[in-house]
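The values are calculated or read from the model by the stated rules, or taken from the named source; none is laboratory data. Because the structure is a prediction, the values reported are computed rather than measured. When we count neighbours, we look across all protein chains shown, and the Cβ atoms used for this are built from the backbone with ideal geometry, even at glycine.
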Amino acid sequence: QVQLEESGGGLVQPGGSLRLSCAASGFTFSFNRMSWYRQGPGKERELVATISPVGSTSYVDSVKGRFTISRDNAKNTVYLQMNSLKPEDTAVYYCYTRPVSVGYWGQGTQVTVSS
């Protein structure tokens, strides 16, 4: 079955960096688009970044220039490098994919940006 396991969250000061990882299994990773979403306190879940099977990327405007999504098909892992973090980036970050007609979510990893 499809499994997505996020890691790398934590508490960081404004201006700091974190790298999130999402280890995937149960489907052909290299053939599938992968995405990161986030849900802040009292907010709706929003799409943060997406990477295609061949490495094309897209980002929500609020993270452009600060976040980078990447993938390692040999490790079945997608990453989100987050730099220049701001308090408004505080959220639970989720990995997402839709290999067939059903979407799958990881359990999420908490990112807290605070001094």
Under 6 Å between Cβ atoms, at least 6 apart or on separate chains: pull out the pairs that start in the stretch 78-105 with a residue that is closer than 13 Å to SER21 by Cβ and end on any residue that is among the aliphatic types (A, V, I, L, M).
VAL78/MET34; LEU80/LEU20; LEU80/ILE69; MET82/LEU18; TYR93/LEU20; TYR93/VAL111; CYS95/LEU4
Just one of (1) part of a loop (DSSP other than H, G, I, E, B); (2) of a type outside the set (A, V, I, L, M, F, W, C); (3) out of contact with any Lys or Arg (no Cβ under 8 Å at 6 or more places or on another chain) trips up PRO53, so point out which.
(3)
Being over 10 Å from the mean Cα position of the chain (by Cα) and in a strand (DSSP E or B) is the filter; apply it to the stretch 38-50 and report the residue that is farthest from LYS64 (Cα to Cα).
GLN39
Has the stretch 92-99 got at least one residue that is in a loop (DSSP other than H, G, I, E, B) and at pLDDT below 95?
yes
Restricting to the stretch 15-37, give me the number of residues that are in contact with a Ser or Thr (Cβ under 8 Å, 6 or more places away or on another chain) and in a loop (DSSP other than H, G, I, E, B).
5
Within the stretch 41-71, residues being closer than 26 Å to THR28 by Cα and surrounded by fewer than 12 Cβ atoms within 10 Å (Cβ to Cβ) number 3
Select from the stretch 88-112 the residues that are surrounded by fewer than 20 Cβ atoms within 10 Å (Cβ to Cβ) and aliphatic (A, V, I, L, M) and list them in ascending order.
VAL92, VAL100, VAL102
Among the numbered conditions (1) assigned to a loop (DSSP other than H, G, I, E, B); (2) surrounded by fewer than 20 Cβ atoms within 10 Å (Cβ to Cβ), tell me where LEU85 comes up short.
(2)
